[in-house]
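Let me begin by presenting the structure, written as structure tokens, before commenting on it.
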Amino acid sequence: MYVVGTPIGHLGELSARAVAALRAADLIACEDTRETSRLARHLGLRAPLIAVHEHNERAGAARLIAALAAGRRVALVSDAGTPAVSDPGARVVRAVQDAGYRVVPVSGPSAAIVALSASGLLDAQFRFVGFLPVKAAARRRALDSLRDHDCALVFYEAPHRIVECVADIAAVMQAERELVIARELTKLFEQIVRLPVAEAPAWLAADANRQRGEFVLLLAGAPQQDGLDAVAQRTLDVLLDELPPSRAVKVAQHITGAPRKLLYDYAMAHGVAATQQDDTE
Ligand code: SAM
């Protein structure tokens, strides 16, 4: 089964290999047949399209396995971009592999990676979050749990929630962090802006057109204090409550992989202060 990446906007993103895989397919599994029939018309594909989406992935997989068993060539696509990335496909891939068939990726664009490539963010690492919870309280909780990560965060968001989502990011995250709003990538009204997160709600509100289309949001990693990232700091704080400083540093280094000198300096500055405070109490 060929897992084929399709354009997130510009049709020129369709690779020659993707076209060949789709033309060679006897059966194409897609998320929404109306969506993929446009691509099928564009390429003059004749293979039947069957809908395999999140509500019927198990049954869909069984149909695809039966087709593979009958010697037919099968391709899997989603509405746009890379299947199984915030899209259906993962269960089908797994079922097909478990049934003993080879799954061949035919790479194409994914909005997260496309956005990262033109974001201007300098973080060496990123965490793909995808869609945040829809309900405000759950979304804020999710953002809170991500607040101190020192890697860039990558979110997908729908246009009807972009204003509230950006407002929550601005409310929860450190004001000086940079937010990149990447809109309508590879399409006519593509827009990519990078600005301090505190300014993002006003930027969106300034023009209703800025709230239209498809969005990737990218947030630069959390600022680091004392050269130690927030997770390492918190780990060391907890250990310093329980262990002598030298032992706490050793264990924290083992857990977090942070440099010993940074951990030691932090322990001296914070652990010793805490001990002094304990002594005076
Ligand atoms: N599987 C797809 C991929 O690989 O990127 C993602 C599918 S997910 C259901 C759709 C979301 O991807 C949109 O809501 C938006 O957040 C993002 N997205 C897709 N195309 C985009 C584009 N052209 N510009 C900006 N974001 C896009």
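Some notes on this structure:
Matching residues to (1) modelled with pLDDT under 90; (2) closer than 30 Å to Leu132 by Cβ; (3) surrounded by 12 or more Cβ atoms within 10 Å (Cβ to Cβ):
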residue	(1), (2), (3)
Ala200	no, yes, yes
Ala208	no, yes, no
Ala232	yes, yes, yes
Glu242	no, no, no
Leu263	no, no, yes
Gln276	yes, no, no
Asp279	yes, no, no
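- Neighbours by Cβ (under 6 Å, 6+ apart or cross-chain): first from region 248-259, part of a loop (DSSP other than H, G, I, E, B); second open to solvent by less than 80 Å² (accessible area, probe 1.4 Å): Ala258/Leu228; Ala258/Ala232
- Restricted to region 190-235, and to residues there that are within 10 Å of the ligand (Cβ to nearest atom) and in a loop (DSSP other than H, G, I, E, B), the residue that is nearest to His149 (Cα to Cα) is Glu214.
- Boolean, Ile50 is open to solvent by less than 30 Å² (accessible area, probe 1.4 Å), in the same structural domain as Thr82 (by TED's automatic domain parsing) and in a loop (DSSP other than H, G, I, E, B): no
- Considering Ala137, Ala124, Ala70, the condition of being aliphatic (A, V, I, L, M), at pLDDT below 95 and open to solvent by 60 Å² or more (accessible area, probe 1.4 Å) is satisfied by Ala124 alone.
- Selection over region 1-47 of residues that are out of contact with any His (no Cβ under 9 Å at 6 or more places or on another chain), free of Cβ contacts under 8 Å to residues at least 60 places away in the same chain, open to solvent by 20 Å² or more (accessible area, probe 1.4 Å) and within 16 Å of the ligand (Cβ to nearest atom) gives a count of 5.
- Pair list, Cβ under 9 Å, 6 or more apart: region 169-190 residue farther than 18 Å from Arg212 by Cα, other residue near the ligand (Cβ under 10 Å from one of its atoms): Ile169/Phe155; Ile169/Leu217
- Taken over region 217-230, the criterion of being at pLDDT 95 or above and touching an Asp or Glu at 6+ places or on another chain (Cβ under 8 Å) is satisfied by Leu217, Leu219, Ala220, Gly221.
- Among residues of region 150-160, those that are open to solvent by 50 Å² or more (accessible area, probe 1.4 Å) and either under 15 Å from Pro201 (Cβ atoms) or at pLDDT below 95 (or both), counted: 1
- Filter result for Arg23 (at negative phi and assigned to a helix (DSSP H, G or I)): yes
The values are calculated or read from the model by the stated rules, or taken from the named source; none is laboratory data. Predicted model, so just to flag it, every value in this text is computed and none were measured. Glycine gets a Cβ as well: all are built from the backbone with ideal geometry, and neighbour counts include every protein chain shown. Note: areas computed on protein heavy atoms with side chains; ligands, DNA, RNA excluded. Shrake-Rupley method; radii C 1.70, N 1.55, O 1.52, S 1.80 Å.
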